[in-house]
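What follows is a short report on a single structure.
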Amino acid sequence: MLVFSACGGGGGGGSDDPQNPGGDKTISISVINGVTPPACGETPVSVITANAQFTGTVTWNDSPSTFAANKVYTATIELTAKSGYTLEGVSDNFFNVSGASVVVNDADTGTITAEFPATGSAPPTVINIKAISGVTAPVRDAVPATTITETAQYTGTITWSGSPAKFAASTVYTATITLTAKSGYTFNGTTANYFIVSDATSVTNSANTGVITAVFPATSDVPCLTEVTVGSTTSITFLTGTEFKIIATPDVATTKTFPTGTSDSGSANVPSRFIMGETEVTYQLWKEVYDWAIANGYTFANAGVKGNDGAAAKTAQHPVTTVNWRDSIVWCNALTEYYNANNGSETDLVCVYTYSGSIIRDSRDSNATACDGAVQNSSSKGFRLPGSMEWEYAARYRGTETTNAVAGSDGSYYTKGNSASGATADYSDGSATSAVAVYGVSSTAIVKSKGSGANALGLYDMSGNVWEWCYDISGGSRRVIRGGACSNPASLLQVGYVYSGDPYGEGNDIGFRFCRNR
């Protein structure tokens, strides 16, 4: 008699389960894609969208060549498990088919019956919204989006290559976007490579389908926030490429002042040394922090848009707009906590804005009392809005450069108050103003679009592009905004000009830039 023994570590992947002798994994993907709700005049699909675990065929009651009007159709879907997977272990009514009114399956089987609402009385409209919103370029450490922004014609889900919980550094990611047509609409008639996904390097789709593949540029290898000092100049770069500048002020024993106002007749104390963003907050940075914040207990009155209208043509490097003052301070708190969550080797920063001792994490009108009564922790190194005089100092400072400048008592020179930040002549000189500012046009520009238009401190768009919220109160509950916007005349771009807005008011020409104590 021969006796055989089983040895561990060898071959095969066997199983003691008589229902599953091969040791295959039970299918865990419940959503069946590619079976769209029938619509009058549309051609029935015959296969599902295959995934990593199964393929499938589709048959319809009455075997229509095209769907009739005002008729209820039932699809019978037969799934075939791919190698390494099994339908054994699947529970009753496990599967989902988008748009179906009833979906049933028996346990341990891949036969699914999906009944759909009655077709309409007219042929469906071919989908004509090309731009898919809600899919932003992957950024290191950001949480991937899983749904698109719904339109009047379709909804959609997003899956990412590698199924990351957070995007890794130096990695090229591909998004597979699966659109589902709404009632009355169809993908039949859409051409190949029809759809647009902002910031993607490659966007492809087959004709007559809502499955889109979008490839994005590699994520940055820059840690969440890095600080680099060369000589006496320090710059800090956030992971999206937003750079901070150290705003250097004279190290003197006595208080010094700089000129303020459009006529240079006012004065203010030179502020303590602080850090300010090189640019206005981009939509990319806003959205990265916003998504993290929403997932971690924050609530905002406004979601923000790209530039002045959020149109598909706007990239994520346009400044964020349509955010109010309350949104801005809450987002600064979120940025502080996001920084802490992603910089384990750094000292944690303390949130700047609190009310009754609690961090403010809600900018909705229902939390107006807390927002408008916010206490600003002056000793915290968390992120915050600039003070109005900090903003004006940063916009005006010229150092030793005397062109179009006026002297301060600190020995430095400052851009005249009737000029755009860094301009070599007053606002009425169109050539000098347009060299440093985006103004007198209908649309915002990407940040730093004036490539050689940085001011003496290396800051861009301090005048023009979008107005910028400051922390200060300006009568009643109104808050200061500075700098002018793309649609404004040059007169509103003067560095000495002060405007204001309601803390709950948002506009397509208002954004912000943020600061930190040094």
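Of all residues in segment 485-518, which are among the hydrophobic types (A, V, I, L, M, F, W, C) and either under 28 Å from residue 370 (Cβ atoms) or part of a loop (DSSP other than H, G, I, E, B) (or both)? Give the steps one after another, and end with the answer.
Our first condition is that a residue be among the hydrophobic types (A, V, I, L, M, F, W, C); within segment 485-518, this holds for 485-486, 490, 492-493, 495, 498, 510, 512, 514-515.
Matches in segment 485-518: 485, 486, 495, 498, 510, 512, 514, 515.
Name the residues in segment 251-288 that are within 12 Å of residue 320 (Cα to Cα) and of a type in the set (A, V, I, L, M, F, W, C), would you?
Hits for segment 251-288 are 281, 285, 286.
For residue 443, indicate whether it is at pLDDT 95 or above, hydroxyl-bearing (Ser, Thr, Tyr) and buried (at least 24 other Cβ atoms within 10 Å of the Cβ). So that I can check it myself, show each step before the final result.
Numbers: at pLDDT 95 or above: yes; hydroxyl-bearing (Ser, Thr, Tyr): yes; buried (at least 24 other Cβ atoms within 10 Å of the Cβ): no.
Considered against the rule, which asks whether it is at pLDDT 95 or above, hydroxyl-bearing (Ser, Thr, Tyr) and buried (at least 24 other Cβ atoms within 10 Å of the Cβ), residue 443 comes out as no.
Conditions (1) loosely packed, with under 15 Cβ neighbours inside 10 Å; (2) within 32 Å of the chain's Cα centre (by Cα); (3) farther than 23 Å from residue 207 by Cα, marked per residue:
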| position | (1), (2), (3) |
| --- | --- |
| 94 | no, no, yes |
| 98 | no, yes, no |
| 102 | yes, no, yes |
| 122 | yes, no, no |
| 134 | no, yes, no |
| 137 | no, yes, yes |
| 147 | yes, yes, no |
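Can you name the residue in segment 232-291 that is in contact with a strand residue (DSSP E or B) (Cβ under 6 Å, 6 or more places away or on another chain), among the charged types (D, E, K, R) and not in a strand (DSSP E or B) and is also modelled with the highest pLDDT among such residues?
Per the stated criteria, the residue is 264.
Name the single residue that is farthest from residue 306 (Cα to Cα) among those in segment 165-188 being assigned to a loop (DSSP other than H, G, I, E, B) and modelled with pLDDT of 90 or more.
Going residue by residue through segment 165-188, those that are assigned to a loop (DSSP other than H, G, I, E, B) are 165-173, 182-184, 187.
Narrowing the set further to residues that are modelled with pLDDT of 90 or more leaves 171-173, 182, 187.
Working: 171: 24, 172: 23, 173: 22, 182: 26, 187: 28 Å.
So the residue we want is 187.
When you go through (1) assigned to a loop (DSSP other than H, G, I, E, B); (2) over 28 Å from residue 503 (Cβ atoms); (3) of a type outside the set (A, V, I, L, M, F, W, C); (4) modelled with pLDDT under 95 one by one for residue 398, which number turns out not to apply?
Just one mismatch for residue 398, condition (1).
Taking segment 191-217, which residues are hydroxyl-bearing (Ser, Thr, Tyr), surrounded by 16 or more Cβ atoms within 10 Å (Cβ to Cβ) and modelled with pLDDT under 95? I'd like the intermediate steps shown before the answer.
Taking segment 191-217 first, the residues hydroxyl-bearing (Ser, Thr, Tyr) are 191, 194, 198, 201-202, 204, 206, 209, 213.
Now restrict to residues that are surrounded by 16 or more Cβ atoms within 10 Å (Cβ to Cβ): 194, 198, 209, 213.
Passing the criteria: 198, 209.
Suppose we filter 427, 414 for residues that are of a type in the set (Ser, Thr, Tyr), assigned to a strand (DSSP E or B) and over 24 Å from residue 315 (Cβ atoms); which single one remains? First the steps, then the outcome.
Working: 427 fails: assigned to a strand (DSSP E or B).
The unique qualifying residue is 414.
Identify, please: which residue in segment 301-333 is more than 14 Å from the chain's Cα centre (by Cα), among the hydrophobic types (A, V, I, L, M, F, W, C) and at pLDDT 95 or above and is, among those, farthest from residue 469 (Cα to Cα)?
Looking at the filtered set, the residue picked out is 301.
Taking segment 129-145 as the region of interest, how many residues are over 19 Å from residue 218 (Cα atoms) and in a loop (DSSP other than H, G, I, E, B)? Break it down stepwise before answering.
We begin by selecting, within segment 129-145, every residue over 19 Å from residue 218 (Cα atoms); these are 129-133.
From what's left, in a loop (DSSP other than H, G, I, E, B): 129-130, 133.
The total comes to 3.
The values are calculated or read from the model by the stated rules, or taken from the named source; none is laboratory data. Keep in mind that this is a model prediction, so the values were computed, not measured. Heads up, the Cβs are rebuilt from the backbone with ideal geometry, glycines too, and the neighbour counts pull from every protein chain shown.
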